1. Run the simple label-point estimate for T105 and S24 please: 7 Å along Cα→C-beta, distance reported in nm.
2. Taking the chain as a Gaussian network, Cα atoms linked when under 10 Å apart, which of R75, R38, R89 shows the biggest mean-square fluctuation?
3. In whole Å and largest first, what semi-axes does the C-alpha gyration tensor of the chain yield when each eigenvalue is scaled by 5 and square-rooted?
4. So how tilted is helix 95-115 from the main axis of the chain? Cα-based, degrees 0 to 90, rounded to 10.
5. To the nearest 0.05, what FRET efficiency results for L91 and F4 with a Förster distance of 25 Å applied to their C-beta separation?
6. State to the nearest 20 debye the size of the charge dipole of the chain about its Cα centre, where the only charges are +1 on K and R beta carbons and -1 on D and E beta carbons.
7. For K62, go through the lysines and keep the ones whose alpha-carbon is under 16 Å away, minus same-chain ones fewer than eight residues off.
8. Relative contact order for the chain: what percent, with Cα pairs under 8 Å and sequence separation of 6 or more?
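Here, each number is a calculation from the coordinates, and none is a lab measurement. Computed from a prediction, not measured in an experiment: that's the story for all the values here. Virtual Cβ from ideal backbone geometry, glycine too; neighbours counted across all protein chains shown.
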Amino acid sequence: MFIFFGTRASLIKSKQIQGNFECSYCQNNTFNVSIYGRYFHVFWIPIFPLYKSTYLECTHCKKTYNLYETPENFREQLKKDNETAPPKRPLWHSFGGLVFLLIVTIIILSSTMNSF
C-alpha cells in the first residue's frame with residue numbers, strides 16, 4: 001500500500017508594494033509581495049499548517065527575491081504593513097486535522113456511552 005504525504009504551499013496574500021529598495025537587475029522599485037502558507041498533507045488532504053514564506057517579484061523583470069535578501073528597512077516596512085492587515089491562513093490548511101480530531105472525539109464519546 002502506498003501512502004502519499006508531504007508538504008504543499010498555497011498563496012495566502014498578494015499585493016503590490018513600492019519600496020525604498022531597487023531590483024538588482026533593472027533598478028525598478030515596484031514589487032509584487034506574495035505570502036505562501038505551507039502545510040503537511042496525507043493523500044493530498046491538508047492535515048496541519050507549517051509555516052509562511054514571503055517572496056518579492058519585480059514587476060518589471062520578474063526577478064524573485066526571498067524576504068531575507070531584502071534590506072532591513074524594507075522588511076520593517078513589510079512587517080508594519082502586515083501588522084495593519086495580517087495575512088490569515090485559510091481554515092482548509094488544517095481541515096484534515098480537524099476532521100481527524102472530530103472522528104476521534106466521536107469514537108471516544110461513543111465508547112464511553114456504550115460502557116454505561
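1. My value for the distance between the label points is 4.9 nm.
2. Looking only at R75, R38, R89, the biggest GNM fluctuation is shown by R75.
3. Working: eigenvalues 353, 50, 16 Å².
In descending order, the three semi-axes are 42, 16, 9 Å.
4. 20 degrees
5. On the way: r = 22 Å, r/R0 = 0.90.
Using R0 = 25 Å, I get an efficiency of 0.65.
6. Details: 12 positive and 7 negative charges, 43 e Å.
It works out to roughly 200 debye.
7. K15
8. Details: 174 pairs, mean separation 27.1, N = 116.
Contact order relative to length: 23 percent.
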